[in-house]
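The structure under discussion appears below in the form of structure tokens.
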Amino acid sequence: MSEPELEIPENWESRVPGDWEWQSLWTAVEEGDNDYSGERVQQAIDADIDARVILDDGLFPGFNLQGNRFSEQLIFIPEMLITARAMKTGLALIRPLLAAAAEKPLGTFVIGTVLGDMHDIGQSIVTIMLENAGFNVINLGTDVHPDKFIETAIAEKADLIGFSALLSTTVYYQKVTIDEFKNSGHRDKVHILIGGAPTSQEWADECGADGWGKDAMAAVILARDLMSESRVAWS
Ligand code: B12
């Protein structure tokens, strides 16, 4: 088992002011130094560095390094959790910069991580990108029961619903939740997207979703495309 290495983003220097360095943020996220990660992200915002660059070049390298160690079982839940917290502190700061000030939202998108699954970094990024694209996004968080998705879809007259799942044991709940939408008689009123690392287009077809997004950008493109497809109106 080889020790994972920090993957330094190619040409990162070309996207920041001349004297900028990211190493201290990479280390802060890696070590879960929540305070410093917030401080450094704020400095990057103040230096007018693009929010996408802060996310990709500043926050992800340290997160991915720890993520790979976690996958190799070189570190465990407590270490991974503090890294995730440092990552989310940074995400929270750049979120308002990415979120659009659309006058009329493109549509309402309800998103959450399925029952039994606590992973929320990916769906938080999808949320930010959808907001950035002009959607009104209602994020139900993690470990979301199918009934909660359905109740929220009804209350908000949702246009789209997204289910995130990161565990091979919880992807099954994407199908369960879609089946529950069918049983409740509301399946045809919403477009359903699924995503998360263990999912695929094949799984989306099999579980009856309308689309699969491999990443946040794909989620936005799909959501926009699906908005122009017809479905049964909410009464
Ligand atoms: C961070 C992490 C954790 C953190 C989560 C913290 C948090 N707040 O999210 C903690 C430590 C809590 C954790 C716990 C566990 N984890 Co974990 N975790 C990870 C890790 C390292 C990163 C996941 C992540 O955030 N990726 C980054 C994001 C950006 O990627 P993403 O989620 O895939 O999202 C992108 C796309 O998939 C897509 N997308 C995501 N959602 C959606 C939704 C829609 C609608 C669309 C269209 C697109 C979309 O867009 C996103 C952005 O581009 C992965 C390993 C890895 N290196 O990936 C393991 C991993 C997912 N975990 C794993 C495991 C086993 C667990 C535990 C069971 C460990 C344990 N022994 O208890 C527990 C389960 C807890 C639970 N019940 O959920 C396994 C899963 C294996 C499997 N196939 O089932 C992995 C793969 C590690 C491994 N190789 O062993 N984990």
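Once the cut-off is 19 Å, how many percent of the Cα-Cα pairs in the stretch 108-227 end up in the long-distance tail?
Working: 2523 of 7140 pairs.
Tail of P(r) above 19 Å: 35 percent of Cα pairs.
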What is the dipole size for the chain, taken about its Cα centre, with +1 at each Lys and Arg Cβ and -1 at each Asp and Glu Cβ, in debye to the nearest 20?
-> 1000
For the stretch 221-235, Karplus-derived ³J(HN,Hα) couplings (6.51, -1.76, 1.60; θ = phi - 60°; whole Hz; x for glycine and proline) come out as 4, 4, 4, 4, 4, 5, 4, 8, 8, 6, 7, 5, 6, 5, 7
The stretch 135-235: which chymotrypsin sites (Phe, Trp or Tyr not before Pro) are DSSP loop and have at most 16 other beta-carbon atoms within 10 angstrom?
-> W234
Based on the Kirkwood radius over alpha-carbon pairs, what is the Stokes-Einstein translational diffusion coefficient of the stretch 42-135 at 25 °C with 0.890 mPa s viscosity, in µm²/s?
-> 167
Pop a pseudo-label 7 angstrom from the Cα along the beta-carbon direction at both K214 and E31 and give the gap in nm to one decimal.
-> 3.6
Cross-link partners among aspartates and glutamates for K175, C-alpha distance below 16 Å, same-chain residues fewer than 8 apart left out?
-> D117, D143, D147, D188, E202, D205, E206, D210
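Tell me, in nm to one decimal, what length is gained between R52 and L81 on full extension, where the rule is 0.36 nm per residue of separation less the Cα-Cα distance? Display every interim value, and only then the final one.
Working: separation 29, 0.36 × 29 = 10.44 nm, distance 2.29 nm.
Contour length minus the Cα-Cα distance gives 8.1 nm.
Given the DSSP H assignment, sum -39500 (n - 2.57) over each helix run of at least 4 residues in the chain and divide by its residue total; what's the result at 222 nm in deg cm²/dmol, nearest 500?
Details: 9 runs with 111 residues, N = 235.
That calculation yields -15000 deg cm²/dmol at 222 nm.
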For helix 172-184, report the angle its Cα long axis makes with the longest principal axis of the Cα atoms of the chain; keep it between 0 and 90° and round to the nearest 10°.
-> 30
Kirkwood hydrodynamic radius for the chain: how many Å is it when counted over pairs of different Cα atoms?
-> 18.7
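Only the coordinates and a few stated rules stand behind these numbers; no lab work does. Computed from a predicted structure; not experimentally measured. All Cβ positions, even for glycine, are placed from backbone atoms using ideal geometry, and neighbour counts span all protein chains on display.
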